[in-house]
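Presented below is the structure to which this report refers.
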Amino acid sequence: MAYENILFEKKGEIAVITVNRPKALNALNLATLSEMRDAIKIVEADKALRVLIVTGAEDKPAEGKKPMPRAFVAGADIVLMSTIPAADKKTPRDFVELGQEVMRRLEKLPIPVIAAVDGFALGGGTELALACDIIYASDRAKFGQPEVKLGLIPGFGGTQRLPRLVGRNLAKELIYTGDIIDVQRAREIGLVNAVFPPEALMENVMGLAQRIIACAPLAVVDSKRAINEGYHKELDEGSRIEVDCFMNSFTTEDRVEGTKAFVEKRKPSFRGK
Ligand code: CO8
């Protein structure tokens, strides 16, 4: 599939999806979400991939023109939403369900997904970052769920994932007011893992990806499964899930190699088996 709204690249064991509508601050319309779904399905099927990075494209204006503000994703496409009459129940449902599917597919990918957020991550942009495992951001990143200012509510998972990540009442404050927060505040409330100058963001995201890739592939996948499947469960059930995932990793050749390499004081050579 040829993409018009995203860039999709594989760099060795790392895949990168870049939302690429910088003239609309990378806003998510139906075509963009469909292309993202398609690319995520490719990542799901490609067992050689170890990490997925999700980011937003920078505007490259014609000479003499001012670039658009830097954005990860400035939300769902408001221009498109403004054309949907209140009586139309089908278009917004298709739109919101597609967005939900994209977020869920990202979250459920077996491999880790890193959001690299430079600039505005608003509405669907914060929600896209929330569906990723880890959020690295630039010092000019801004987050928020401004939907109530438009007469709607978050629809790509914000009312569900934001309270789970930052706590119910902080999420309520952000969602009821539509306040936009800077990256320091986002870091303070646990929304962002780490902050870098814009020019150092991708290098640090790649460094994180490489640190993950240096570990045993199946152990990373089992860790993600244990955390995601156990997160919303009672501790007893979560602990049972952890035992299952632990057993999965413990019975791999990589576990034998990893523990032996430690004893033999050498670097392990993992094969993903
Ligand atoms: N959708 C479409 N176009 C957008 C969006 C957007 N979300 N955000 C910005 N743009 C466009 C602008 O229309 C403008 O285009 P043009 O140059 O053609 O007029 C261009 O990007 C630049 O934007 P601004 O001129 O506004 O730039 P500023 O620097 O003045 O402001 C902001 C930057 C603060 C980011 C501002 O653009 C803004 O507030 N954007 C909207 C942010 C927002 O409210 N996002 C939430 C959207 S709702 C949502 O995400 C709900 C998810 C669930 C949807 C369910 C679907 C049914």
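Assorted remarks:
- Flag if PRO61 is closer than 18 Å to LEU201 by Cα, without any contact (Cβ under 8 Å) to a residue 60 or more places away in the chain and assigned to a loop (DSSP other than H, G, I, E, B): no
- Flag set for ILE40, criterion: more than 16 Å from the ligand (Cβ to nearest atom) and under 23 Å from ARG93 (Cβ atoms).
- Selection from segment 96-123 of residues that are assigned to a helix (DSSP H, G or I) and either more than 12 Å from the ligand (Cβ to nearest atom) or open to solvent by 10 Å² or more (accessible area, probe 1.4 Å) (or both): VAL96, GLU97, LEU98, GLN100, GLU101, ARG104, ARG105, LEU106, GLU107, LYS108
- Complete set of residues in segment 135-155 that are assigned to a loop (DSSP other than H, G, I, E, B) and away from the ligand (no atom under 13 Å from the Cβ): ASP139
- Of the candidates ALA137, ALA141, ALA171, the single residue that is within 20 Å of TYR231 (Cβ to Cβ) and either at pLDDT 95 or above or open to solvent by 20 Å² or more (accessible area, probe 1.4 Å) (or both) is ALA171.
- Any hit, segment 30-44, residues being in a loop (DSSP other than H, G, I, E, B) and modelled with pLDDT of 95 or more: no
- Any hit, segment 12-32, residues being over 15 Å from the mean Cα position of the chain (by Cα), free of Cβ contacts under 8 Å to residues at least 12 places away in the same chain and either away from the ligand (no atom under 11 Å from the Cβ) or surrounded by 13 or more Cβ atoms within 10 Å (Cβ to Cβ) (or both): yes
- Filter pass, THR126 being of a type in the set (Ser, Thr, Tyr), within 10 Å of the ligand (Cβ to nearest atom) and open to solvent by less than 70 Å² (accessible area, probe 1.4 Å): yes
- Members of segment 181-226 found to be without any contact (Cβ under 8 Å) to a residue 40 or more places away in the chain, of a type outside the set (Ser, Thr, Tyr), open to solvent by 30 Å² or more (accessible area, probe 1.4 Å) and in contact with a helix residue (DSSP H, G or I) (Cβ under 9 Å, 6 or more places away or on another chain), listed by number: GLY190, ALA219
- Test: GLU203 is within 29 Å of ALA141 (Cα to Cα) and of a type in the set (Asp, Glu): yes
The values are calculated or read from the model by the stated rules, or taken from the named source; none is laboratory data. The structure displayed is predicted, hence computed values, not measured ones. A quick note on method: Cβ atoms are made from the backbone with ideal geometry, for glycine too, and the neighbour counts reach across all protein chains shown. Ligands, DNA and RNA are stripped out before the accessible areas are found, and what is left, the full protein with its side chains, is counted by its heavy atoms. Shrake-Rupley method; radii C 1.70, N 1.55, O 1.52, S 1.80 Å.
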